[in-house]
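Taking it in order: structure first as structure tokens, then the write-up.
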Amino acid sequence: MRLRVGVVGGGIIGVSLARRLLGLLPDAEVTLIEKEPRLGTHQTGHNSGVVHAGIYYQPGSLKARLCRRGVTLLKEFCQQRGLTYNECGKLVVALDEQDLARLDDIRARAISNGVPGVRLVGRAEMGQIEPAVTGLAALHSPMTAVVDFAAVTTALAEDAQAAGLTVLLGHRVVGIAHRGAEVRVYTEHRSGAEADADLGFDRLVLCAGVESDRLAMLAGDARDPAIVPFRGEYYLLRPERRDLVRGLIYPVPDPRFPFLGVHLTLRHDGEVLVGPNAVLALAREGYRRRDVALRDVWDTIHWRGFRRFAYRHWRTGARELAGSLWKRAFAAQAARYVPELTAADLVAGPAGIRAQALGRDGALVDDFRISTRGRVTAVRNAPSPAATSSLAIAEHLADLVLGRRSEETAPDGGRR
């Protein structure tokens, strides 16, 4: 009897998993369920396109291991399919003595994670790499790259469909039930143009991004950790000012704050992004400031973990909100690294939603988090570098589905 696997979520992780499963088991029946009319609509289609080299992540964590494996697989795939893969490099810029000390820690992590070519550079060499940048020193990661993740997802889906993948677009999952040796999945067609579906699978994998906690709960899993959506807003450099940036210019992460802060990113199409900030979104798909979903707001404010998080980080939240409301405040953050940049150089850009898992204790779930309940496996937390790691995450998930790997216990006691 052929294995029947359902995959919920048509972003890059869900599509990569479907492709991986059919590569391992050509006779399997794999069905991809996506609530939108096309694939890669949400986080996959709204990110900056950065292929992270793996310099920040805790050695031994899933993020560290799957990011490094994912970079290799992604680069090979892009080369095979003729997709843009631009190794433009990244500078992580230190502005003061505290930053310098943190740079040493990041360098040590990068070396432990096997990131190639990473080294500390002084002012003179930093200026050769990025002439418009100022700072005391920087960590240079020459292999950090940019791609078009939406185009990658389309190419992965083409491979999977050629191997026999069934894709159900416009189908929103409204119920999951365990019925003996199978999992039943009930969907509603959002446009009404097609019939609702009642599907049976031997294994089900949830790769649903901002809806991951809700779908996991439908399958009988706990709410903890819950997803809280943060909108990341970008500006673009005016075309005549793009020469200010050659690659990626990042701040040194400050462990006191939950998010990285404004940085500058060369895109695959030559645009230069400035941002993002991180402001609480009032809708899980709230790409515009005016987007409000009352259910999403209710779920956020009634999650104990969010209230604890907000209490600890309200000052950071106020600063991020100021950058959202006033372009000059936003530009000032970027100008700390590129002094020539002014508010006049910025034009309105895109926005994305970060599906951030928050624990009941108010702590951000830092590592990838995967849970299994019966025949259902759920990706509970997959923030950056999830797109970079997507092909490696697919390998990991496929091994779980096929019983080739057991779950691992995360350092915080959760399941990975």
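The values are calculated or read from the model by the stated rules, or taken from the named source; none is laboratory data. Note that the coordinates shown come from a computational prediction; the quantities given were computed from them, not determined experimentally. So basically every Cβ, Gly included, is an ideal-geometry build from the backbone, and we count neighbours across all protein chains shown.
The table for this structure:
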read-out: Test: residue in the range 98-115 that is among the β-branched types (V, I, T), touching a Gly at 6+ places or on another chain (Cβ under 8 Å), part of a loop (DSSP other than H, G, I, E, B) and within 21 Å of G49 (Cβ to Cβ); value: yes
read-out: Members of the range 383-397 found to be polar (S, T, N, Q) and either in a helix (DSSP H, G or I) or not assigned by TED's automatic domain parsing to the domain that holds V210 (or both), listed by number; value: T388, S389, S390
read-out: Residue match in the range 104-119 (condition: among the basic types (K, R) and either under 22 Å from A163 (Cβ atoms) or out of contact with any strand residue (DSSP E or B) (no Cβ under 9 Å at 6 or more places or on another chain) (or both)); value: yes
read-out: The lone exception for T31 - which of (1) of a type in the set (S, T, Y); (2) assigned to a strand (DSSP E or B); (3) buried (at least 24 other Cβ atoms within 10 Å of the Cβ) it fails; value: (3)
read-out: So V174, is it modelled with pLDDT of 95 or more, of a type outside the set (K, R) and farther than 13 Å from G6 by Cα; value: yes
read-out: Condition broken by R380, with the remaining ones in (1) part of a strand (DSSP E or B); (2) in contact with a Gly (Cβ under 7 Å, 6 or more places away or on another chain); (3) crowded, with 23+ Cβ neighbours inside 10 Å satisfied; value: (2)
read-out: Test: R203 is at negative phi and assigned by TED's automatic domain parsing to the domain that holds V115; value: no
read-out: Cβ pairs under 7 Å, 6+ apart, first in the range 190-205 and within 18 Å of V379 (Cα to Cα), second among the basic types (K, R) and surrounded by 15 or more Cβ atoms within 10 Å (Cβ to Cβ); value: F201/R4; D202/R4; D202/R375; R203/R375; L204/R375
read-out: The range 75-97, subset outside the structural domain of V118 (by TED's automatic domain parsing) and assigned to a helix (DSSP H, G or I), residue nearest to P251 (Cα to Cα); value: K75
read-out: Residue among D243, D213 that alone is under 17 Å from the mean Cα position of the chain (by Cα) and either acidic (D, E) or within 30 Å of G359 (Cα to Cα) (or both); value: D213
read-out: Criterion violated by R20 - all others in (1) in a helix (DSSP H, G or I); (2) in contact with a Ser or Thr (Cβ under 7 Å, 6 or more places away or on another chain) satisfied; value: (2)
read-out: The listed residue being farther than 13 Å from K63 by Cα and surrounded by fewer than 24 Cβ atoms within 10 Å (Cβ to Cβ), out of R373, R369; value: R373
read-out: Residue among E233, E240 that is touching a Gly at 6+ places or on another chain (Cβ under 7 Å) and not assigned by TED's automatic domain parsing to the domain that holds S390; value: E233
read-out: Candidate set from the range 171-191 (those that are within 15 Å of R373 (Cα to Cα) and out of contact with any Leu (no Cβ under 6 Å at 6 or more places or on another chain)); member that is surrounded by the fewest Cβ atoms within 10 Å (Cβ to Cβ); value: G180
